[in-house]
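What follows is a set of notes on a single structure, which appears directly below.
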Amino acid sequence: MTETLIPFLLAVLALLIIPGPDMAFVMANGIAYGRRGAFYSALGISSGGLVLAVATALLVAATLAISPSVLLALQLAGCLYLLYVATRTIIPRPGPAGTSAPAPASGNLFLRGVVTNVSNPKALIFFSAFIPQFIPDDATGPALHAFLLGALLCLVGGAVNFAIGASGMLFSGLNRTGFMGRSWSQWIVFAVFVSISVTFTVQALARG
């Protein structure tokens with residue numbers, strides 16, 4: 001396993017530093033909600049990755065693909081949820097005059113991270129195509145090996161994403177009011193969520 005572990009970790013680190021939806025998501029929440037937002041967003045993304053790691057292990061064990069219609073439905077539902085969150089970011093529920101919308105609860109940030117990762121149409125393809133390459137030919141339990149590699153990827157990814165998201169506090173000035181009564185950070189979160197949702201929807205429909 002040692003012969004494949006080091007190349008695997010190097011490949012994971014190389015992939016994680018490439019800007020993508022996960023990085024943008026955690027950075028946006030780090031800017032908007034500080035270290036708490038970055039932590040729970042990164043934790044949610046890693047937890048979503050564990051779901052994909054389990055799916056990859058099952059694919060390795062059964063050598064069967066997940067039903068395209070089920071996967072497509074899951075992706076589209078996740079994309080609709082992200083659009084809903086984006087809208088709620090700039091159009092909060094009515095409240096007492098002079099008050100601003102409260103920061104999302106930690107559980108909501110966590111759930112958004114899970115949905116962002118699981119609804120990515122490329123994520124399962126990435127897991128199922130990337131991880132099996134690092135399973136040794138003499139592995140006694142290929143499925144378990146695949147899951148452990150996926151879990152390791154999620155652990156390293158969570159740490160990297162949190163570090164990136166927490167650095168968003170350097171841009172705390174973005175929490176000042178921008179335009180239309182919303183802060184710049186709210187508009188950033190809105191733009192990130194909409195772009196992720198639209199991108200994932202187009203990709204999912206193209207594959208479906």
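The values are calculated or read from the model by the stated rules, or taken from the named source; none is laboratory data. Computed from a prediction, not measured in an experiment: that's the story for all the values here. Note that we place each Cβ from the backbone using ideal geometry, even for glycine, and neighbour counts take in every protein chain shown. Each accessible area value is taken on the protein alone, full model and side chains, heavy atoms only, with ligands, DNA and RNA left out. Shrake-Rupley method; radii C 1.70, N 1.55, O 1.52, S 1.80 Å.
A few remarks follow.
- Residues Leu9 and Leu205, FRET efficiency given R0 of 35 Å [Cβ-Cβ distance, rounded to 0.05]: 0.50
- Here each label is just a point 7 Å from Cα along the line to Cβ, and for Ala163 and Ala77 those points are 3.6 nm apart.
- Spin-label model distance (nm) - Arg88 vs Arg36, 7 Å beyond Cα toward Cβ: 1.6 nm
- Potential lengthening of the chain between Met180 and Thr140 amounts to 8.4 nm, from the contour at 0.36 nm per residue minus the alpha-carbon distance.
- Ile188, Ile90, Ile131, Ile125, reordered so the largest accessible area comes first (probe 1.4 Å): Ile125, Ile188, Ile90, Ile131
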